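Below: one structure, written as structure tokens.
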Amino acid sequence: MSDDTGAVILGIESSCDETAAAVVAGGTRVLSNVIATQHELHEKYAGVVPEIASRAHLERIMPVIQEALREAGLGLRDLDAIAVGHRPGLIGSLLVGVSAAKALAWSIGKPLIGIDHIHAHLYAGTLDAEPLEFPAVGLVVSGGHTSLYLVRDPLSLTLLGKTIDDAVGEAYDKAAMILQLGYPGGPKVDALAQQGDDKAHDFPIATLKKSRMDFSFSGLKTSLLYAVCGKPVGRGADASLPRDASELSDQQKADFAASFQRAAITAVVRKVRKAFDMHGVSTLLVGGGVSANSRLRADLTELAEKREIDLRLPAMEHCMDNAAMIAGLAGLRHQRGESDDLSLSAAARSLV
Ligand code: KG4
Ligand code: ZN
């Protein structure tokens, strides 16, 4: 199978609340990309419940893999390797994908390739795209991470800076909770922000002068909370907030969403600009759920045009957690003759 198309790899992703499988040929050509979200299961808890997530992965993993093979028009025997995102993430969730990948690799006698989810997010803009130049600056913006990297090649990252508190996606999810918009919040805040005045409120944009490349979003979140609900009344366990978002008109909510989005995205883009000031590179790789954000995409596109940066934004279907980015990056490890043995384990933390 691999002769004229490059290695054909099945990727599996189960690090959080998306069960995903995809087939990618030659590291970049996406033959299928199947994602089963669990949002409806976690919505009433306003966040991912690890036990519910692992059980849902168990139920969905085999149908999702079968669907990915069916869409690609391939059988298990056509594959050259099985890849799996094995860190970082929720251990119980990761283990479902890792176990499935090991069993499949063993049963067809093909290599097993473990992939770091953070590396994979930064690889997403490479899928179905032209080759790019390295080194690059890499920006990962998701529910769990907000980090900048110097990317020497897709498998070699040096951390330049990261959030010292909330991830930007987490801040979006909390903003949605404060504004009573539902879960997951990022897309909802983004959509509502389009109808609002982004200068209605002046929320703080953290600059962190001492740690120049780091991010902080907890001050922004607290400012939004107090602006919407008022400052807490009382002390300790008796403290309560005087009002909530149910008292706001639709326009007031939209103005809060737009002003929050301006502050959050401006904070991200300023640090990206700094990274380009400090490192003489001309490529920007972006990945993670928040790379679907309309304002981030527009502001980065503007920056890229001004500075003649080769900006690689992932296609919308490759922004959120997906397995095409796992299978694609595994193509590079496979090309280098790298693989893992059946002792591959899941790990909560990334090594980058
Ligand atoms: O990469 P991802 O699917 O999972 C993690 O690895 O965390 O990212 C999910 C995060 C969530 O916090 C979600 O609210 C956020 O990405 N997100 C967005 C948008 N779409 C998803 N945040 C802002 N604007 C969006 N359009
Ligand atoms: Zn992710």
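For every helix of n ≥ 4 consecutive DSSP H residues, a contribution of -39,500 (n - 2.57) applies; sum these over the chain, divide by its total residues, and give [θ] at 222 nm rounded to the nearest 500 deg cm²/dmol.
Value at 222 nm, helices only: -13000 deg cm²/dmol.
With Cβ to Cβ distances under 11 Å as the rule, what net charge do the other residues near His119 carry (K, R +1; D, E -1)?
0
Excluding Thr283 itself, what net charge comes from residues whose Cβ is under 14 Å from its Cβ, given Lys and Arg +1 and Asp and Glu -1? Present the calculation step by step, with values, prior to reporting the outcome.
Numbers: positive: Arg152, Arg307, Arg312; negative: Glu130, Glu133, Asp153, Glu308, Asp310.
That sum, taken over residues with Cβ under 14 Å, equals -2.
What is the distance in Å between the Cα centroid of segment 141-160 and that of segment 55-74?
Using only Cα atoms, the two centres lie 29 Å from each other.
For segment 82-179, what is the Kirkwood hydrodynamic radius in Å, using each pair of distinct C-alpha atoms?
15.5
Compute the normalised compactness of segment 243-352: alpha-carbon radius of gyration over 2.2 N^0.38 Å, N being the residue count. Before the final figure, lay out the partial values.
On the way: Rg = 19.0 Å, N = 110, 2.2 N^0.38 = 13.1 Å.
Here the Cα radius of gyration is 1.45 times the empirical estimate.
Looking at the chain as a GNM with Cα springs under 10 Å, which of Pro154, Pro242, Pro111 has the largest mean-square fluctuation?
Pro242
Run the simple label-point estimate for Lys44 and Glu133 please: 7 Å along Cα→C-beta, distance reported in nm.
5.5
Using a simple charge model, +1 on the beta-carbon of Lys and Arg, -1 on the beta-carbon of Asp and Glu, nothing else, what dipole does segment 141-209 show about its Cα centre, in debye to the nearest 20?
Details: 6 positive and 9 negative charges, 37 e Å.
Dipole size: approximately 180 debye.
Cα convex hull of segment 128-168: how many Å³ per residue?
82
Using +1 on the beta carbon of Lys and Arg, -1 on that of Asp and Glu, and nothing else charged, what's the dipole of the chain about the Cα centre, debye to 20? Can you show the working numbers first?
Details: 35 positive and 43 negative charges, 215 e Å.
Dipole magnitude for the chain comes out near 1040 debye.
Let's see if you can work this out: charge +1 on each Lys and Arg Cβ, -1 on each Asp and Glu Cβ, no other charges. What is the dipole magnitude of segment 85-237 about its Cα centre, in debye to the nearest 20?
Values: 14 positive and 14 negative charges, 123 e Å.
Dipole about the Cα centre, nearest 20: 580 debye.
What number does segment 1-91 give for Rg over Rh if you use C-alpha atoms and the Kirkwood radius?
Checking Rg against Rh, the ratio lands at 1.04.
Report, ordered by chain and residue number, the lysines lying within cross-link reach of Lys174, taken as a straight Cα distance under 24 Å and ignoring same-chain residues fewer than 8 apart.
Cross-link targets: Lys44, Lys162, Lys188, Lys199, Lys221, Lys231, Lys253, Lys271.
Among Thr5, Ser216, Ala105, whose Cα projects farthest towards the positive end of the dipole of the chain, with charges put on the beta-carbon of Lys, Arg (+1) and Asp, Glu (-1)?
Positive-end residue among those listed: Ser216.
With point charges of +1 on the Cβ of Lys and Arg and -1 on the Cβ of Asp and Glu, referenced to the Cα centre of the chain, which listed residue (Pro187, Ile326, Ser240) lies farthest in the positive direction of the dipole?
Checking the options against the dipole of the chain, the answer is Ser240.
At q = 0.17, 0.24, 0.31 Å⁻¹, what log₁₀ I(q)/I(0) does a Debye calculation on the Cα points of segment 91-137 give, no solvent, two decimals?
The Debye formula, applied to the Cα set alone, gives -0.71, -0.92, -1.13.
Evaluate the relative contact order of the chain (contact order divided by residue number), counting alpha-carbon pairs under 8 angstrom at least 6 apart; express in whole percent.
25
Quick one: if you stick a label point 7 Å off each Cα along the C-beta vector at Leu342 and Asp238, how many nm between them?
Inter-label distance under the simple model: 6.3 nm.
Would you calculate the convex hull of the Cα atoms in the chain and tell me its volume per residue in Å³?
Values: hull volume 49.8 nm³, N = 352.
Cα-based convex hull of the chain, divided per residue, equals 141 Å³.
Strictly greater than 18 Å: what percent of every Cα pair in segment 43-90 meets that?
Result: 48 percent of Cα pairs exceed 18 Å.
Span-like helices, the chain: DSSP H, alpha-carbon axial extent 18 Å or more, mean Kyte-Doolittle 1.6 or greater, which ones?
Flagged H segments: there are none.
Please list 319-325, 261-267, 65-71, 115-121 highest first by mean number of surrounding beta-carbon atoms within 10 Å per residue. Please list the in-between numbers first.
Numbers: 319-325: 28.9, 261-267: 23.4, 65-71: 17.9, 115-121: 26.4.
Highest-to-lowest ranking by the protection proxy: 319-325, 115-121, 261-267, 65-71.
Can you find, among Leu160, Gly26, Met316, the residue sitting farthest towards the positive end of the charge dipole of the chain, where Lys and Arg contribute +1 and Asp and Glu -1 at Cβ?
Positive-end residue among those listed: Leu160.
Ranked highest first by average number of other Cβ atoms within 10 Å, how do 85-94, 195-204 line up?
Listed from highest to lowest mean packing, they are 85-94, 195-204.
Could you go through segment 118-132 in sequence order and give the Karplus-derived ³J(HN,Hα) for each residue, using 6.51 cos²θ - 1.76 cosθ + 1.60 with θ = phi - 60°, rounded to whole Hz, and x for Gly and Pro?
Per-residue couplings from phi come out as 6, 3, 5, 4, 6, 7, 4, x, 8, 5, 6, 10, 5, x, 10 Hz.
In segment 125-166, whose amide N lies under 18 Å from the spot 7 Å out along Cα-to-Cβ of Met278? List them in ranges.
Under 18 Å, as judged by backbone N against the label point of Met278, lie 135-141, 146-153, 157-165 of segment 125-166.
Every number here is computed from the coordinates shown, using simple stated rules; none is lab data. All figures in this text were calculated on a predicted structure; none of them were measured in a lab. A quick note on method: Cβ atoms are made from the backbone with ideal geometry, for glycine too, and the neighbour counts reach across all protein chains shown.
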